[in-house]
Amino acid sequence: MSITSLSLQHFRSYTQSTFHFSPQTTVIIGPNTAGKSNLIEGINLLATGKSFKAEKDLQMIQFGESIGRIKGLITSEGEKDTLEVVIAEVQGSMTSRSYTKRFLVNNVPKRRVDFTGKLPALLFVPSDLDIIISSPSQRRDFLDAVLEITDRQYRISSIAYDKALRHRNALLDVVKETGIRNEEQFVYWDHLLIEHGNYLTKKREELLTYMNTETQLLVECRVTYDKSVVSKERLEQYKGPEIGAGVTLVGPHRDDFYVEIIKSGEKQNVKSFGSRGQQRLVVLQLKLLQLSYMERELGERPLLLLDDIFSELDEEHINDVLGVVGKQQTILTTTHKEFLASNIDKSAEVIELSL
């Protein structure tokens, strides 16, 4: 599976542009603000149906326009498919700007749950290097990014869980304000929360177990899953505190994980005691394990997207990443031509962007 071309219309800084990619390695060169990350965002949008940058999807539409389109040509074993995401502002809203987002495969509308995974891809951005010291929500996203692409049921359960959580939190907010709790109103949402929450927990645990048992070439480390199991018993246990908080206090939306480096048989918590260099080395190892896990689950290596991460790494760590560049289709961005000359195969496709 590879992406052959990408067309952007009124997307971010692009009015109308088309790019073509090598089935091996494509390097996108340009100064900051030239649109390199926007291009990577467009590709990743076709892979996941979501932006890794925008807080609101409307932010992806070019300023002054009401509709943005992202279209990609995908090739797999000689077969070609077209993936498209259309983001359109809904006119006539009296309160705030709203939008619709449509997903199409060969011009046929699809739900996001059926659209995601058509282009398997693993994204690596500079913010990933801070995953060890960042918030638990970013570590959960780190797991979800892989599992949503490799497992359709995970996507279904994630959507259902989020819906149940929103409704249950709304009920708890009413209880907090009124002091009155109608148990019958909670039965349906509790059932959905438990059913789909347990699936999310199961798949996250499987991924982290794989990371712990697979060969680790860069650094020996262990990932511990700090899971928040959701069950009837735990919901009953936290009933009182939830009334006071007005939100659901247990479930995979509160999951976390931590990482320990193993040296001479001893474990050291990387977040608390690891150096900046150790933390980044661990993240590189985890990203490589994500890539390996996706290959195992999908039966092929996914597209690798590297967005300007080399500016954040030292030479040794750059070489660690470059060691996997040629093993699958890779699209990477950089600001420096010097980097291209000394590190990338001369057969790589080069796209130069300017301000």
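The values are calculated or read from the model by the stated rules, or taken from the named source; none is laboratory data. If you're wondering where the values come from, they're calculated on a predicted model, not measured in any experiment. Heads up, the Cβs are rebuilt from the backbone with ideal geometry, glycines too, and the neighbour counts pull from every protein chain shown. The area values use the complete protein model at the heavy-atom level, side chains included, leaving out ligands, DNA and RNA. Shrake-Rupley method; radii C 1.70, N 1.55, O 1.52, S 1.80 Å.
Checking each residue in the range 225-257 for being in contact (Cβ under 8 Å) with a residue 60 or more places away in the chain and surrounded by fewer than 19 Cβ atoms within 10 Å (Cβ to Cβ) picks out Ile243, Gly244, Ala245, Gly246, Val247, Arg254, Asp256. Pairs meeting the criteria (first residue in the range 200-214 and of a type in the set (Val, Ile, Thr), second residue open to solvent by 20 Å² or more (accessible area, probe 1.4 Å) and not in a helix (DSSP H, G or I), beta carbons under 6 Å, at least 6 apart or on different chains) are Thr201/Lys227. Restricting attention to the range 263-286, which residues are among the aliphatic types (A, V, I, L, M) and open to solvent by less than 30 Å² (accessible area, probe 1.4 Å)? Result: Val270, Val282, Val283, Leu284, Leu286. For the range 68-80, the set of residues classified as touching a residue at least 12 places away in the same chain (Cβ under 8 Å) and either in contact with a helix residue (DSSP H, G or I) (Cβ under 6 Å, 6 or more places away or on another chain) or open to solvent by 60 Å² or more (accessible area, probe 1.4 Å) (or both) consists of Gly68, Arg69, Ile70, Lys71, Gly72, Lys80, listed by residue number. Condition test on Met60, is it out of contact with any helix residue (DSSP H, G or I) (no Cβ under 8 Å at 6 or more places or on another chain), modelled with pLDDT under 95 and either within 22 Å of Ile351 (Cβ to Cβ) or surrounded by 21 or more Cβ atoms within 10 Å (Cβ to Cβ) (or both)? Here the answer is no, as Met60 does not meet what is asked. Checked against the criterion of being over 30 Å from His167 (Cβ atoms), part of a helix (DSSP H, G or I) and over 23 Å from the mean Cα position of the chain (by Cα), the range 267-275 contains one or more residues that satisfy it. Which one of these is open to solvent by 30 Å² or more (accessible area, probe 1.4 Å), in contact with a helix residue (DSSP H, G or I) (Cβ under 7 Å, 6 or more places away or on another chain), at negative phi and assigned to a strand (DSSP E or B): Lys101, Lys53? Going through Lys101, Lys53 in turn, just one is open to solvent by 30 Å² or more (accessible area, probe 1.4 Å), in contact with a helix residue (DSSP H, G or I) (Cβ under 7 Å, 6 or more places away or on another chain), at negative phi and assigned to a strand (DSSP E or B): Lys101.
Just to be sure, is Glu183 at pLDDT 95 or above and of a type in the set (Asp, Glu)? It is false that Glu183 is at pLDDT 95 or above and of a type in the set (Asp, Glu).
Scanning the range 259-302 for residues that are in contact with a Lys or Arg (Cβ under 9 Å, 6 or more places away or on another chain), over 24 Å from Ala121 (Cβ atoms) and among the acidic types (Asp, Glu) gives a single hit, Glu260. If you go through the range 264-288 and keep only what is free of Cβ contacts under 8 Å to residues at least 24 places away in the same chain and of a type outside the set (Gly, Ala, Ser), you end up with Glu266, Gln268, Asn269, Phe273, Arg276.
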